[in-house]
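The values are calculated or read from the model by the stated rules, or taken from the named source; none is laboratory data. All values reported here derive from a predicted model rather than from experimental measurement. Quick reminder, even Gly has a Cβ in these numbers, built from the backbone with ideal geometry, and neighbours come from all protein chains shown. These area figures cover heavy atoms from the full protein model, side chains too; ligands, DNA and RNA do not enter into them. Shrake-Rupley method; radii C 1.70, N 1.55, O 1.52, S 1.80 Å.
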Amino acid sequence: MSDATTVYELTNVSKTYRNEGKDFTALRDVSFSIREGEIFGIIGMSGAGKSTLVRTLNRLTDVTSGSVRYFGRDLAELSSRELRKVRRSMAMIFQGFNLLQQRTVIKNVEQPLRIAGVPRGERREIARKMLEIVGLSEKEKEYPARLSGGQRQRVAIARALAADPKVLLCDEATSALDPKITGEILELLAKINRERKLTIVIITHEMSVVERICHRVAIIDDGYLAEVGDVAEVFRSPKTRAAKKLVFPSNPYDPSEKDSRLLRIAFDGLSAKEPFIADLVATTGLKVNILSANTKSVGGVGYGQMVLELPKGEADREAVIAYFKRKGLAISEVET
Ligand code: ADP
């Protein structure tokens, strides 16, 4: 257990939808927790159960079994009055922005404050501050229809922040945006996380989103929790098939033979500098084909990866694998 406060604790969460006698289980025995102040990613392919999962976080969906605790309180045990109060501390942004089209930008941002009964003058003051945070002060009198997608999402973020939430849930919030605007919105979310220490939960099907700003990630596959951990760690050595598929969406390598075996080596910034390929040749006399090599920065940690084609004979292949293992490198086979 970490000593950070736990915002969400999911324990053996299962969800079965019951429609006209037909059952469909969308979540199966999912357990993980989300800590205060972190950016936590929930990633999975379409249909994996992500939306169902996020709806259990604000109890828009009741779990079939297991529990979702929010700051230690089981959401299932709250009265509807308590639940309303708790929900006000969970802001949400969506792929479709969900702005009120007939209202100006500033009125949209004021909306949660109006619901909470904050007096008009104070409302305006808070809303202006929020628009300043998202860099849209000059647009307060515009209507959403006249804004770009990125600007609309900024308004939605300002509105989410206005209620001073404890957690911000982002459901595919950048999926409708192009890569450049996605980058800007993620940058803004990271800034808000840093400056306001706001816990952010990001639901996405895109690994690049997780890679860019999340600290930890849960991978959901067919209703199961496939993996959970630090983003850098999951990237460095994805253990499950689902995680490997997300880190490597398809096999982009071009081996020289059909039955080639490919090895992926992941290393941190330090060992990346070691000339281990040259050393491999020097110590074993065996050669490998480098099919791809790159380095990235994930959550501030530099890491790199290389995909190698192993030599032909099985004995030589095992010798190369043994060499990398001796070196303590994180290796995994790439599925071809
Ligand atoms: P994701 O957000 O990862 O795409 P969802 O949580 O939306 O996944 O859906 C997971 C699975 O549950 C899908 O197969 C979907 O068809 C099913 N599902 C979602 N909502 C319902 C519902 N209300 N009734 C029956 N099945 C549902």
**Fill in**
Most fluctuating of R154, R326, R236 in the GNM of the chain (C-alpha, under 10 Å) is R326
**Item:** Computed accessible area, H215, all protein chains, 1.4 angstrom probe, square angstrom
**Value:** 80
**For the stretch 11-18, Karplus couplings with θ = phi - 60° (6.51, -1.76, 1.60), whole Hz, Gly/Pro x** = 10, 6, 6, 10, 9, 10, 7, 10
**Message:** Explain nothing, just compute: Karplus ³J(HN,Hα) = 6.51 cos²θ - 1.76 cosθ + 1.60, θ = phi - 60°, for every residue of the stretch 56-73 in order, whole Hz, x for Gly and Pro.
**Reply:** 6, 6, 10, 6, 6, 10, 8, 6, 7, 8, x, 9, 10, 9, 10, 6, x, 9
**Item:** Given 13 as the ceiling on other Cβ atoms within 10 Å, longest exposed-site-free region of the chain for GluC sites (Glu not before Pro) in DSSP loops
**Value:** 21-256
**Asked** By accessible area of protein heavy atoms, probe 1.4 Å, what ranking do R124, R216 get, highest first?
**Response** R124, R216
**Prompt:** On full extension of the chain, what length is gained from N289 through S89, given 0.36 nm per residue of separation minus the C-alpha to C-alpha distance?
**Reply:** 66.7 nm
**Request:** For G41, enumerate residues with amide H under 5 Å from its amide H, sequence gap 5+ or separate chain, H modeled in the peptide plane.
**Result:** I202, H215, R216, V217, A218
**Request:** At 0.36 nm per residue, minus the direct Cα-Cα distance, what do R103 and A116 gain on full extension? Give it in nm, one decimal, please.
**Result:** 2.9 nm
**Prompt:** Which ³J(HN,Hα) values, rounded to whole Hz and listed in residue order, are derived for the stretch 139-156 from phi using the Karplus coefficients 6.51, -1.76 and 1.60 in 6.51 cos²θ - 1.76 cosθ + 1.60 with θ = phi - 60°, glycine and proline given as x?
**Reply:** 9, 4, 8, 6, 9, x, 4, 8, 9, 6, x, x, 5, 4, 5, 5, 4, 4
**Asked** Most mobile of D316, D222, D62 per a Gaussian network model of the chain (Cα springs, under 10 Å)?
**Response** D316
**Item:** Degrees separating the helix 314-326 axis from the principal Cα axis of the chain, which is the longest one
**Value:** 60
**Asked** Relative contact order (percent) for the chain, with alpha-carbon contacts under 8 angstrom and 6 or more residues of separation?
**Response** 18
**Item:** Probe 1.4 Å - accessible area at S237, Å² to nearest ten
**Value:** 30
**Message:** Of G149, S80, A190, which is farthest towards the positive pole of the stretch 6-238's charge dipole, taken about the Cα centre with +1 and -1 on the beta-carbons of Lys, Arg and Asp, Glu respectively?
**Reply:** S80
**Fill in**
Computed for the stretch 6-238: size of charge dipole around the Cα centre, +1 on C-beta of each Lys and Arg, -1 on C-beta of each Asp and Glu, debye to nearest 20, value 1140
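Taking R0 as 35 Å, what's the FRET efficiency between S137 and D29 from their Cβ-Cβ distance, rounded to 0.05? Before the final figure, lay out each step's value.
Details: r = 47 Å, r/R0 = 1.35.
That pair, S137 with D29, gives E of 0.15.
If the chain between E20 and D62 were fully stretched, how many nm would it gain, using 0.36 nm times the residue separation less the Cα-Cα distance?
Additional length available on full extension: 13.3 nm.
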**Complete:** The answer for T199, listing residues at least 5 apart or on another chain whose modeled amide H is closer than 5 Å to its amide H, is G37, L168
**Fill in**
With all protein chains in place and a 1.4 Å probe, I202 shows an accessible area in Å² (nearest 10) of 10
**Prompt:** Which pairs in the list K85/K107; K50/K191; K180/K325; K22/K244; K139/K245; K85/K245 are over 30 Å apart, alpha-carbon to alpha-carbon?
**Reply:** K180/K325; K22/K244; K139/K245; K85/K245
**Message:** At 1.4 Å probe size, put T56, T104 in order of accessible surface, largest to smallest.
**Reply:** T104, T56
**Message:** Tell me whether the chain comes out rounded, prolate or oblate; compute the Cα gyration tensor, take square roots of the eigenvalues as a ≥ b ≥ c, and use a/c under 1.5 as the rounded threshold.
**Reply:** prolate
**Request:** With a probe of 1.4 Å, find how much accessible area the chain has per residue, and write the answer as a whole number in Å².
**Result:** 50
